[in-house]
Ligand code: HAM
């Protein structure tokens, strides 16, 4: 029979074997985030559309082409979050979190939604780990965010990535830069896509990260923003660099990084791998000093970044970084007949209460099929219950690795302790 449907284009299922790896990586990330003083925030998958229009920016690809926006049954315009920063800022303001002392340091794991052309490392539903720091204007905070990511990648044993940094200045230097870009692009307007033609007046910097190849070609020799920084932005960037030097991080200055979202000011950065194809940006972020005010709050400087978890897992897999396999079944209780199945059910419960990974047969299979299954899942011990075992109150516990059998009592008080002794005895001695 043909399947009714399949997962939508650009989405993927994660099966238990993969989620086990994801959970291990997520746990390392959580530990690292805690070491840097971040607390987890969880915000809704959907928000009012204007949140993203205002924060990410009306002229960005994300807002113009990629958002999943719909009207809900109450006639509101709703958007599935394309990224995590906007929701974090909204929550910060809504709960006045800045009153609890600065800096406010938040981290999140989120699913994000962008209607992009799917390819390796680029999905329509993807997952991000992100961090946001609210309060500090100091370049040390930018460096701290960058160092956290670097330290995380080291802990995960990821190799061969580069850190690329740039500064895109403040609104003051941006005005001068925009003027220079307008003049530069004025000569080649007809080569630009329609979206970029519209951007020329409103936000010419967006042309620099248009995904249309002809626009990219025109943008190749465009003026670079570093040449237009005001003194304060220049000094800030120098200080960020000196902190990175202090931490011993190597980095490249890449003046073409402008980031695809409008809220950035001053420092922007990306961690890039060239081992996973064209979508090699593992992590992107920067400072966004104007966003909190733009969202209706008092001025509050901020910086942060986010990394795509699918790309992170891809790079780890490519580099053969080993992750622990899911734990295996410790005891499989096979049964013959209804009474034995009930006993198996009870014994399994009893063992699970003692934190033993124990299973029994729920598929009413033949004994042969049950044992085949126990073998397939790699059960460490098996126990067979039939009429004889129920009558005598004793059964044979089989160590599946050595084939050794031990008689074990089925009485509630004795079973657990005898099993635990037998399984501990079978562990290789240190
Ligand atoms: P972003 O650069 O748009 O920044 O996304 C961050 C990361 O998410 C990218 O570097 C990439 O690893 C991953 N990513 C983006 N789009 C996709 C996709 N379609 N498929 C798979 N992975 C993807 C932000 O989202 C900002 N909110 C980061 C930030 C936080 N800036 C300051 N704070």
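The values are calculated or read from the model by the stated rules, or taken from the named source; none is laboratory data. All values reported here derive from a predicted model rather than from experimental measurement. Cβ atoms come from the backbone with ideal geometry, glycine included; neighbour counts cover every protein chain shown.
Rundown of residues vs (1) within 9 Å of the ligand (Cβ to nearest atom); (2) within 13 Å of the chain's Cα centre (by Cα); (3) part of a loop (DSSP other than H, G, I, E, B), yes/no style:
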site: 99; (1), (2), (3): no, no, no
site: 102; (1), (2), (3): no, no, yes
site: 105; (1), (2), (3): no, no, no
site: 109; (1), (2), (3): no, yes, no
site: 126; (1), (2), (3): yes, yes, no
site: 132; (1), (2), (3): yes, no, no
site: 140; (1), (2), (3): no, no, no
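Would it be correct to say that residue 57 is more than 10 Å from the ligand (Cβ to nearest atom) and on the phi < 0 side of the Ramachandran plot?
Working: more than 10 Å from the ligand (Cβ to nearest atom): yes; on the phi < 0 side of the Ramachandran plot: no.
Spelling it out, it is not the case that residue 57 is more than 10 Å from the ligand (Cβ to nearest atom) and on the phi < 0 side of the Ramachandran plot.
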Filter region 196-222 down to residues that are over 31 Å from the mean Cα position of the chain (by Cα) and assigned to a loop (DSSP other than H, G, I, E, B) and give me whichever is surrounded by the most Cβ atoms within 10 Å (Cβ to Cβ).
-> 222
Restricting region 111-124 to residues that are buried (at least 16 other Cβ atoms within 10 Å of the Cβ) and over 16 Å from residue 211 (Cα atoms), the residue that is nearest to the ligand (Cβ to nearest atom) = 112
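For residue 152, are the conditions met, namely being at pLDDT 95 or above, closer than 25 Å to residue 33 by Cβ and out of contact with any helix residue (DSSP H, G or I) (no Cβ under 6 Å at 6 or more places or on another chain)? It would help to see each step written out before you state the result.
Details: at pLDDT 95 or above: yes; closer than 25 Å to residue 33 by Cβ: yes; out of contact with any helix residue (DSSP H, G or I) (no Cβ under 6 Å at 6 or more places or on another chain): no.
Spelling it out, it is not the case that residue 152 is at pLDDT 95 or above, closer than 25 Å to residue 33 by Cβ and out of contact with any helix residue (DSSP H, G or I) (no Cβ under 6 Å at 6 or more places or on another chain).
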For residues in region 5-22 being surrounded by 15 or more Cβ atoms within 10 Å (Cβ to Cβ) and in a helix (DSSP H, G or I), which is nearest to the ligand (Cβ to nearest atom)?
-> 22
From the options 225, 258, residue that is under 28 Å from residue 292 (Cβ atoms) and under 29 Å from the mean Cα position of the chain (by Cα) = 258
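So, in region 59-75, of the ones that are touching a helix residue (DSSP H, G or I) at 6+ places or on another chain (Cβ under 8 Å) and touching a residue at least 24 places away in the same chain (Cβ under 8 Å), which residue ends up surrounded by the fewest Cβ atoms within 10 Å (Cβ to Cβ)?
Pass one, region 59-75, residues touching a helix residue (DSSP H, G or I) at 6+ places or on another chain (Cβ under 8 Å): 59-65, 67, 69.
From what's left, touching a residue at least 24 places away in the same chain (Cβ under 8 Å): 59-62, 64-65, 67.
Numbers: 59: 19, 60: 24, 61: 22, 62: 20, 64: 16, 65: 12, 67: 21.
Among them, the one singled out is 65.
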What are the residues in region 78-92 that are part of a helix (DSSP H, G or I) and near the ligand (Cβ under 9 Å from one of its atoms), if any?
-> 85, 86, 88
